[in-house]
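*Asks:* Got a structure for you, written out below as structure tokens; questions coming shortly.
The values are calculated or read from the model by the stated rules, or taken from the named source; none is laboratory data. Predicted, not measured: the structure shown is a model, and the values here were computed from it. Neighbour counts are summed over all protein chains in view; Cβ atoms, including those assigned to glycine, are modelled from backbone coordinates with ideal geometry.
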Amino acid sequence: MSKVYFKSVASYADTGAVSRSASELLKLLIEKENIALENEIPLKVHFGEKGNDAFITADKYDGIVDFLKERGIKSCFIETNAIYSGSRMTADKHIRLAHEHGFTKLPVLIADGTLGEDYREIEIDAKHFKKCKIASRMVEARQMIVLSHFKGHMLAGFGGAIKQLGMGCAARGGKLEQHIAARPFIIPFFVCKKCGSCLRHCPAGAIKIGFYSRIDGKKCIGCAACIAVCKHNAIFINPFKIQFASKFREKIAEYALAAQKGKKNIYITYAFNIAKGCDCEGHSMKMVAGDVGIFASCDPVAIDLACMDAVDKKEGRKVFGGRDILAYGQKIGLGRNGYELIEA
Ligand code: SF4
Ligand code: SF4
């Protein structure tokens, strides 16, 4: 059974306690699990969409950053581009937002390139995907510390390590194929201004701009670069093609399997600011559970299960659904749907 290490921290507002506890847990995990550290270890984070007030702020990672610096380990904050319009749509915008949100103690690296075009196809043999589009710079990393914020998501039900891996390490095209079974489409009249920007950036020659601007579904490879470059918000994902939630969760687990492939990752999850929605939402968030503390493990499935159990126990009720992703994660070999909790 996988071990999950836990430290209770009463309040997210106590930045010193949160930061210190995270680095202590990291040290404990490394010692107890005999983890060999690489010379370079990126920190997978989420910078929080502009306007979101629940994401884990940069100062809460200071203890971990210092821990790596003291050991001479090279690091960076690593992330991928978002799929929809906002402040994390392209690498330059995304880096600017990261700096505005205080992620300045390490270099910021957007792992799937300027528009999400830089990815490698990682082979897995699973139900929905045989190949997953994982951001190149993440594929190259031999080890990552995956820092997750435990909270909700409108489809995934909750978001911890599995979501941070599966959605968070996918290049934009990988995010698109997890969300939908179809290609994006253009609203041809009035909204499309015929500027041709999408056409110039499409790597597949799938876009026709004219009286009836459209995307050729047979040529489109689903990279989603066109959505990123359209300044007029004329390119959309068909909401009726969004997968049913359970299938969506299975796809996230499969992408997580690809993102983890060949790596000895470390997972640290912050169970604070537990909102119903996710850090990608650019508005003020409503909390649905109280602060719990920090978890650490080598197993992304076990750590998510431990977080869910701890939140439910504290609240005395089931806070989030979506536990089917844990059973599916175990089925495909992502991790163990069970754990031994060790309190630090
Ligand atoms: S970038 Fe947007 S507005 Fe410009 S041609 Fe493409 S769809 Fe139309
Ligand atoms: S139309 Fe082109 S740019 Fe848009 S998703 Fe398809 S391949 Fe990518």
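*Asks:* Report, by residue number, each residue of the range 80-121 that is part of a helix (DSSP H, G or I) and of a type in the set (D, E, K, R).
*Replies:* Answer for the range 80-121, where residues must be part of a helix (DSSP H, G or I) and of a type in the set (D, E, K, R): 92, 93, 96, 100.
*Asks:* When you scan the range 58-79, do you find a residue that is modelled with pLDDT under 95 and either crowded, with 22+ Cβ neighbours inside 10 Å or more than 30 Å from residue 115 (Cβ to Cβ) (or both), even just one?
*Replies:* Taking every residue of the range 58-79 in turn, none turns out to be modelled with pLDDT under 95 and either crowded, with 22+ Cβ neighbours inside 10 Å or more than 30 Å from residue 115 (Cβ to Cβ) (or both).
*Asks:* To continue, here is another question. Condition first: within 12 Å of ligand 1 (Cβ to nearest atom) and out of contact with any strand residue (DSSP E or B) (no Cβ under 6 Å at 6 or more places or on another chain). Now tell me which residues in the range 212-235 satisfy that.
*Replies:* Result: 212, 225, 228, 229, 230, 231, 232, 233.
*Asks:* If residue 308 passes every condition in (1) within 14 Å of residue 7 (Cα to Cα); (2) part of a helix (DSSP H, G or I) but one, which one does it miss?
*Replies:* Every condition holds for residue 308 apart from (1).
*Asks:* Which is without any contact (Cβ under 8 Å) to a residue 60 or more places away in the chain and farther than 29 Å from residue 25 by Cα, of 102, 72, 113?
*Replies:* Step by step, each of 102, 72, 113 is checked, and only 113 is without any contact (Cβ under 8 Å) to a residue 60 or more places away in the chain and farther than 29 Å from residue 25 by Cα.
*Asks:* Only one of (1) part of a helix (DSSP H, G or I); (2) within 16 Å of the chain's Cα centre (by Cα) fails for residue 60. Which number is that?
*Replies:* Among (1) part of a helix (DSSP H, G or I); (2) within 16 Å of the chain's Cα centre (by Cα), the lone unmet condition for residue 60 is (2).
*Asks:* Listed residues 335, 321; which is in a loop (DSSP other than H, G, I, E, B) and surrounded by fewer than 20 Cβ atoms within 10 Å (Cβ to Cβ)?
*Replies:* Just a single option satisfies the conditions, and that option is 321.
*Asks:* Let me spell it out: the conditions are (1) within 16 Å of ligand 2 (Cβ to nearest atom); (2) surrounded by 24 or more Cβ atoms within 10 Å (Cβ to Cβ), and residue 164 meets all of them except one. Which number is the exception?
*Replies:* Going through the list (1) within 16 Å of ligand 2 (Cβ to nearest atom); (2) surrounded by 24 or more Cβ atoms within 10 Å (Cβ to Cβ), residue 164 breaks only (1).
*Asks:* OK, next. Does the range 124-137 include one or more residues that are among the aromatic types (Phe, Trp, Tyr), over 22 Å from residue 197 (Cα atoms) and in a loop (DSSP other than H, G, I, E, B)?
*Replies:* The answer is yes; a qualifying residue exists.
Table: residues versus (1) of a type in the set (Ser, Thr, Tyr); (2) within 16 Å of ligand 1 (Cβ to nearest atom); (3) touching a residue at least 12 places away in the same chain (Cβ under 8 Å); (4) assigned to a helix (DSSP H, G or I).
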| residue | (1), (2), (3), (4) |
| --- | --- |
| 147 | no, no, yes, no |
| 164 | no, no, yes, yes |
| 178 | no, no, yes, yes |
| 188 | no, yes, yes, no |
| 191 | no, yes, yes, no |
| 205 | no, yes, yes, no |
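*Asks:* Going residue by residue through the range 209-226, is there one that turns out to be within 16 Å of ligand 2 (Cβ to nearest atom), out of contact with any Pro (no Cβ under 9 Å at 6 or more places or on another chain) and small (Gly, Ala, Ser)?
*Replies:* Yes, the range 209-226 has at least one match.
*Asks:* Out of 49, 38, I need the residue that is touching a Ser or Thr at 6+ places or on another chain (Cβ under 8 Å), of a type in the set (D, E, K, R), assigned to a loop (DSSP other than H, G, I, E, B) and in contact (Cβ under 8 Å) with a residue 60 or more places away in the chain. Which one?
*Replies:* 49
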